[in-house]
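Enquirer: First the structure, then my questions, so here it is.
The values are calculated or read from the model by the stated rules, or taken from the named source; none is laboratory data. Keep in mind that this is a model prediction, so the values were computed, not measured. Please note: Cβ atoms are built from the backbone with ideal geometry, for glycine as well, and neighbour counts cover all protein chains shown.
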Amino acid sequence: MADRDEQEDESGLAFETRAIRAGQDADPASGAVVTPITLSTTFAQHAVGEHQGYEYSRSGNPTRAALEACLASLERAEHGLAFSSGLAAEDNILRLLRPGEGVLLGHDAYGGTYRLIASVYGPAGHPYRVADLTDLRALRADWPADVAMVWIETPTNPLLACVDIEALAELAHAHGALVVVDNTFATPYLQQPLPLGADLVVHSATKYLGGHSDVVGGFVAVDDDALADGLRFTQNAAGAVPSPFDCYLVLRGVKTLAVRMDRHCANARAVVDLLVGHPAVERVLYPQLPDHPGHAAAARQMRDFGGMVSFLLQGGEGAALAVVERTELFTLAESLGAVESLIEHPGRMTHVSVAGSALEVPGSLVRLSVGLEAATDLVADLRQALDSL
Ligand SMILES: Cc1ncc(COP(=O)(O)O)c(C=O)c1O
């Protein structure tokens, strides 16, 4: 797994330190240690066009600037841009496509990403192709035409497949395509796609970055100046920016990202131990398991294996629907990545929009977002639900 020391950047400061400090110097006006929530929509100018860096809050806002600097530092990126949701961030990236240019999407991905690419950008003249992005041999042999952008999720939502970012980025670049990595499941603490060759990193900040199920947000990290200029132009022109309060909530969440992720991973391992030995479970999908097809890629490019666990039940969809209703601590709800544990049925909930497509998920699948409650309580809760089948 990636060595902890590799997580330092040129500032010489480790990830945990940057999460708390980057972009968050004490406020020069008051000395406030916590980044103020600047609600002002407009900013005084000394003379026309002469100001302190801010004119109007859609174009730029001090609280948002602090968040963008912090998250860019965590992704080891030159530039960071915050958005009002993960999908708004994705939309901003997809607007980089020129007329006729298409997208290559993995055959397992968040349903909303598929919906945006297939049902919004498809009809607007951007063809999309779906492929198994873990099958580099097939992609090498038959690279799809018209692909200007490769959209990688790793680990994927909900099957937790892991794509070799470095190898696929090399192949995509040889074909002149940009590489986007949705790093929502891993977070920059566990995986940093830009140094591995990705061009753009996108996040649903609603998940682990916020970490407390109380803010919807999105983020894009990028190194290339021209790409950043294009994104910043659309961020302002289309205007899907987060509120200053939402930026504050994500900044506050990120301060504890490292300690939260360590515990998410440890709790996930405890849950996986229960699931692999349980007779009601057909298969456990977790990248740490040696028989997981993405294990080698995950071990190479991730610091640890994350807090998301999926599993298939022997009893098919009926058993999956029963289990998600019978847990008590694992709350039946969409979303993921926060302190409380959640359970869901992707086929009927988060991934309804992929039904009938190449991304359709099995009915016997259950997805867990393993939270920060005591592992013993989480394991006991799941055990009673599984034993009841
Ligand atoms: C992997 C992934 N990417 C993107 C999104 C979209 O983010 P948001 O819901 O913040 O728009 C989600 C939402 O669940 C997701 O799971």
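Enquirer: Since SER40 meets every condition but one in (1) within 16 Å of the ligand (Cβ to nearest atom); (2) among the small types (Gly, Ala, Ser); (3) farther than 22 Å from ASP225 by Cα, which condition does it not meet?
Expert: (1)
Enquirer: Let me ask something additional. Considering region 173-188 alone, what residues qualify as being within 16 Å of the ligand (Cβ to nearest atom) and in contact (Cβ under 8 Å) with a residue 40 or more places away in the chain?
Expert: Result: VAL180, ASP182, ASN183, THR184, PHE185, ALA186, THR187, PRO188.
Enquirer: For region 115-170, what are the residues that are on the phi > 0 side of the Ramachandran plot and of a type in the set (Gly, Ala, Ser)?
Expert: Within region 115-170, just GLY125 meets the criteria.
Enquirer: Is there a residue in region 238-261 that is out of contact with any Phe, Trp or Tyr (no Cβ under 9 Å at 6 or more places or on another chain), at pLDDT 95 or above, farther than 27 Å from LEU74 by Cβ and among the hydrophobic types (A, V, I, L, M, F, W, C)?
Expert: No, region 238-261 contains no residue that is out of contact with any Phe, Trp or Tyr (no Cβ under 9 Å at 6 or more places or on another chain), at pLDDT 95 or above, farther than 27 Å from LEU74 by Cβ and among the hydrophobic types (A, V, I, L, M, F, W, C).
Enquirer: Next question. Return yes or no: is THR184 touching a Lys or Arg at 6+ places or on another chain (Cβ under 6 Å), hydroxyl-bearing (Ser, Thr, Tyr) and not in a helix (DSSP H, G or I)?
Expert: Against the criterion (touching a Lys or Arg at 6+ places or on another chain (Cβ under 6 Å), hydroxyl-bearing (Ser, Thr, Tyr) and not in a helix (DSSP H, G or I)), THR184 qualifies.
Enquirer: For region 308-358, name all the residues that are exposed (fewer than 15 other Cβ atoms within 10 Å of the Cβ), of a type in the set (D, E, K, R) and not in a loop (DSSP other than H, G, I, E, B).
Expert: Result: GLU325, single match.
Enquirer: Same structure again: Restricting attention to region 135-146, does a residue exist that is modelled with pLDDT of 95 or more, out of contact with any His (no Cβ under 7 Å at 6 or more places or on another chain), part of a helix (DSSP H, G or I) and within 16 Å of the ligand (Cβ to nearest atom)?
Expert: no
Enquirer: In the set ALA205, ALA198, ALA221, which member is surrounded by 21 or more Cβ atoms within 10 Å (Cβ to Cβ) and in contact with a Phe, Trp or Tyr (Cβ under 7 Å, 6 or more places away or on another chain)?
Expert: After applying the criteria, what remains is ALA205.
Enquirer: Of the residues ASP108, ASP91, only one is under 30 Å from PRO123 (Cα atoms), under 18 Å from the mean Cα position of the chain (by Cα) and modelled with pLDDT of 95 or more; which?
Expert: ASP91
Enquirer: Turning to a different aspect of this structure: Give the number of residues within region 330-365 that are closer than 25 Å to ASP214 by Cα, within 16 Å of the ligand (Cβ to nearest atom) and touching a His at 6+ places or on another chain (Cβ under 7 Å).
Expert: 1
Enquirer: Determine the pairs where a residue that is surrounded by 14 or more Cβ atoms within 10 Å (Cβ to Cβ), located within region 116-141, has a partner that is of a type in the set (Asp, Glu) and modelled with pLDDT under 95 with Cβ atoms under 9 Å apart, the partner being 6 or more residues away or on another chain.
Expert: Going by the 9 Å Cβ cut-off, the qualifying pairs are HIS126/ASP146; PRO127/ASP146; ARG129/ASP146; ASP132/ASP108; LEU133/ASP108.
Enquirer: Counting only residues that are loosely packed, with under 11 Cβ neighbours inside 10 Å and of a type outside the set (Val, Ile, Thr), how many does region 30-51 have?
Expert: Summing the residues that are loosely packed, with under 11 Cβ neighbours inside 10 Å and of a type outside the set (Val, Ile, Thr) in region 30-51 gives 8.
Enquirer: For a quick check of your reading of the model, give me the residue pairs whose first member lies in region 196-218 and is on the phi > 0 side of the Ramachandran plot, whose second is assigned to a strand (DSSP E or B) and not acidic (Asp, Glu), with beta-carbon atoms closer than 9 Å and at least 6 apart or on different chains.
Expert: GLY197/VAL179; SER213/LEU342
Enquirer: Right, next: Suppose we filter region 257-277 for residues that are buried (at least 17 other Cβ atoms within 10 Å of the Cβ) and part of a loop (DSSP other than H, G, I, E, B); how many remain?
Expert: So the count comes out to 0.
Enquirer: What residue, among those in region 147-171 that are more than 14 Å from the ligand (Cβ to nearest atom) and touching a residue at least 40 places away in the same chain (Cβ under 8 Å), is surrounded by the most Cβ atoms within 10 Å (Cβ to Cβ)?
Expert: VAL150
Enquirer: Can you name the number of the only condition in (1) among the basic types (Lys, Arg); (2) more than 18 Å from the chain's Cα centre (by Cα); (3) not in a helix (DSSP H, G or I) that ARG303 fails?
Expert: (2)
Enquirer: What do you reckon, is LEU71 surrounded by 24 or more Cβ atoms within 10 Å (Cβ to Cβ), away from the ligand (no atom under 15 Å from the Cβ), of a type outside the set (Ser, Thr, Tyr) and not in a loop (DSSP other than H, G, I, E, B)?
Expert: no
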